[in-house]
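Below: the structure, in structure tokens.
The values are calculated or read from the model by the stated rules, or taken from the named source; none is laboratory data. Bear in mind that the values here come from a model prediction, so they are computed numbers and not experimental data. In this analysis, Cβ positions are derived from the backbone assuming ideal geometry, glycine residues included, and neighbour counts consider all displayed protein chains. Ligands, DNA and RNA are excluded from the accessible area calculation, which covers all protein heavy atoms including side chains. Shrake-Rupley method; radii C 1.70, N 1.55, O 1.52, S 1.80 Å.
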Amino acid sequence: MRKLTYIICSLLFIGSQQLTAQTPKGSVLIQNATVLTVSQGTLEDSDVLVEDGIIKKVGKDLSASNNVETIDASGKFLMPGIIDAHSHLALDVVNEATAPITAEVAIADVINPFDVGIYRALAGGTTIAHGLHGSANAIGGQSITMKYRYGTRNPEDIIMKEAPRTIKFALGENPTRVHGRGKNIQPRTRMGVEAVIRNGFNEALQYKKKWKTYNQSKEQKNSKATHPEYNLRLQTLADILDGEIIIHCHSYRADEIYMLINVCRDFGVDKLVFTHVNEGFKVAPELAKYTMGASVFSDWWAYKFEVYYSTAYNAAILTENGVITSINSDSDELIRHLYHEAAKTQRYGGLSDEQALALITINPAKQLGIDEYVGSIEEGKQGDLVIFDHHPLSVYAVPQMTFVDGIKYFDINEDKDDQRLKVSPTEMVEPVYLQVEEESCMHGVELFTEGTTFHHSH
């Protein structure tokens, strides 16, 4: 019995040590590369030294101690790790579609570190992605910024602890289809979406007022103030109003984008990023003035009625109008070649190399509130780096190595073919789909949308 107790205690101790262990950091010296810093131009035949996960030095003829791996990148290109501001990769669940507002749920609770898609994203140079709640709700769940440290079995290791809190909002057909036509509750129309958001914010103001009154009253002598009931949904909305959470809003039409800008202005909310933003070019000055930017597709549109109109020049128009613009994937496949998506802006808009690369590095970092740590190659920033065989904006470019915090997580020449961490003993191969599935933002809402397709009659 004592022996069994000892074994159980030992296993519990080992488990707790794994959960509390610090995320590993690495050291590496990359020499003789063409360094695309994004923020400080291009450095030819230069070196980058990463120590304990942090970029220590950038320059020429750098050296490191004998125990630090040295990589000769002669003839190759080194850029910051690619950042995807809109992804649903490595999530077990995307939508909590049971109510128009579900701000109390958190994507951090459903991270799947075993998803081999993480490795495939790393193979495409993507080191950070914003794991978003879906777009079934006018106000959805809290999202999470993830660092793709593939190989861990602890979801906590995937979370980027320095990143501020974010939350998903959605406009248009998705929330109206799920709740209005699916359940016959508000919102059924676009004006209903606005009403849901305004009502939610107003309820949060009343919630804040109750707590303020209570906190003031309880300090008084002989106070009989009653403790208000804690409500995680309203507390999250209150945190948005207090500027503690960045909104990332699913959007397509210019009128709706402008609507939410005005709603947020009415409530004093300025931490707002629009995602998809297919008609963003129509309201570019407003986006530049009142928001933290727009995260767009390079050339996706016309896949449903509300997004029948856009242009491949969208990202370039937004950029030239001063909007902090990024290009996202919203796809477990597209996340593997966001550098190609960024390059399209040179064909459609004539953006410079620096502007195009910013769309997948420093700009999404700004939208996620993490540009202090990542998004460019600068001394003091985290060692998230990608080595390419050609310039990353070239159609011939292929990532060769990818580093997160100075640790190599992808090597095209040395990695084994099968990188799965968790293999089903009954499944011979992964499923292959021969048709496009429902848009990523709407995974898991079939119960509420069956038979609710809207047919436009006039």
For this session: Please give the contour-minus-distance gain from residue 346 to residue 221: 0.36 nm per residue of separation, less the Cα-Cα distance, rounded to one decimal in nm.
Result: 38.2 nm
Exercise. Computed over the Cα atoms, what is the radius of gyration of segment 107-252 divided by 2.2 N^0.38 Å, N being its residue count?
Worked result: 1.32
Exercise. Can you flag which of 271/381; 208/271; 147/212 are past 27 Å Cα-Cα?
Worked result: 147/212
For this session: Taking a cut-off of 18 Å between Cα atoms, list the aspartates and glutamates near residue 76, but don't count ones fewer than 8 places away on the same chain.
Result: 44, 45, 47, 61, 353, 354, 384, 389, 411, 414
For this session: For residue 209, go through the aspartates and glutamates and keep the ones whose alpha-carbon is under 17 Å away, minus same-chain ones fewer than eight residues off.
Result: 219, 229, 239, 242
For this session: Taking 7 Å along the Cα-to-C-beta vector as the label spot, tell me the residue 242-residue 395 distance in nanometres, rounded to one decimal.
Result: 5.3 nm
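Could you tell me which of rounded, prolate or oblate describes segment 29-136, using a ≥ b ≥ c as the square roots of the eigenvalues of the alpha-carbon gyration tensor, with rounded for a/c under 1.5 and, failing that, prolate when a/b is larger than b/c and oblate otherwise? The partial results should precede the final answer.
Working: a/c = 3.18, a/b = 2.67, b/c = 1.19.
Prolate.
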Problem set entry | Two-site label geometry, residue 65 and residue 40: point separation in nm, points 7 Å out along Cα→Cβ | 2.4 nm
For this session: Residues in segment 234-260, backbone N under 14 Å from the label point at residue 214 (7 Å along the Cα-to-beta-carbon vector): list them, ranges by number please.
Result: 234-236
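Can you tell me the accessible area per residue over the chain, all protein chains present, probe 1.4 angstrom, in square angstrom?
Numbers: 21600 Å² over 458 residues.
In whole numbers, the chain has 47 Å² accessible per residue.
Which loop-located chymotrypsin sites (Phe, Trp or Tyr not before Pro) does segment 303-388 contain, where loop means any DSSP state but H, G, I, E or B and the Cβ has at most 14 other Cβ atoms within 10 Å?
On the way: sites: 303, 305, 308, 309, 313, 339, 348, 373, 388; in loops: 303, 308, 309, 313, 348, 373.
The qualifying sites are 303, 308, 309.
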For this session: Go through segment 166-251 and name the GluC sites (Glu not before Pro) that are in a DSSP coil and have 12 or fewer other Cβ atoms within 10 Å of their Cβ.
Result: 219, 229, 244
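Among the listed pairs 304/422; 168/210; 168/218, which have their C-alpha atoms separated by more than 31 angstrom in this model? Intermediate values should be presented prior to the final figure.
Numbers: 304/422 36 Å; 168/210 26 Å; 168/218 35 Å.
Distance filter (> 31 Å) returns 304/422; 168/218.
Relative contact order of the chain, please, whole-number percent, based on alpha carbon pairs below 8 angstrom and at least 6 residues apart.
21 percent
Share of the chain's accessible area from carbon and sulfur, percent, 1.4 Å? Could the numbers behind the result be given before it?
Values: 10930 of 21600 Å².
C and S atoms contribute 51 percent here.
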For this session: Please give the per residue volume of the convex hull enclosing the alpha carbon atoms of segment 371-421, rounded to a whole number of Å³.
Result: 117 Å³
Problem set entry | Shape call, segment 283-401: gyration tensor on alpha carbons, a/c limit 1.5 | oblate
For this session: Would you mind getting me the FRET efficiency between residue 305 and residue 203? Use the beta-carbon distance for r and R0 = 25 Å, nearest 0.05.
Result: 0.20
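Cα gyration tensor of segment 136-217, axes a ≥ b ≥ c as square roots of the eigenvalues: rounded (a/c below 1.5), prolate (a/b > b/c) or oblate?
Details: a/c = 3.32, a/b = 1.23, b/c = 2.70.
Oblate, because a/c is 1.5 or more while a/b does not exceed b/c.
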For this session: Please identify the helices of the chain, taking whole runs of DSSP H, that span at least 24 Å along their own axis as judged from the Cα atoms and have a mean Kyte-Doolittle score of 0.0 or higher.
Result: 2-20
Exercise. What's the extension gain from residue 372 to residue 413 if we count 0.36 nm per residue and subtract their Cα-Cα distance?
Worked result: 11.5 nm
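Give me the compactness ratio for segment 168-326, meaning the Cα radius of gyration over 2.2 N^0.38 Å.
Values: Rg = 18.8 Å, N = 159, 2.2 N^0.38 = 15.1 Å.
Cα-based Rg divided by the globular estimate yields 1.24.
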For this session: Determine the distance separating the Cα centre of segment 368-420 from the Cα centre of segment 42-71; give it in Å without decimals.
Result: 15 Å
For this session: Match the structure shown to one of the listed values (i) 20.6; (ii) 29.3; (iii) 24.2 of mean projected area of the Cα convex hull in nm², computed from it, and give that label.
Result: (ii)
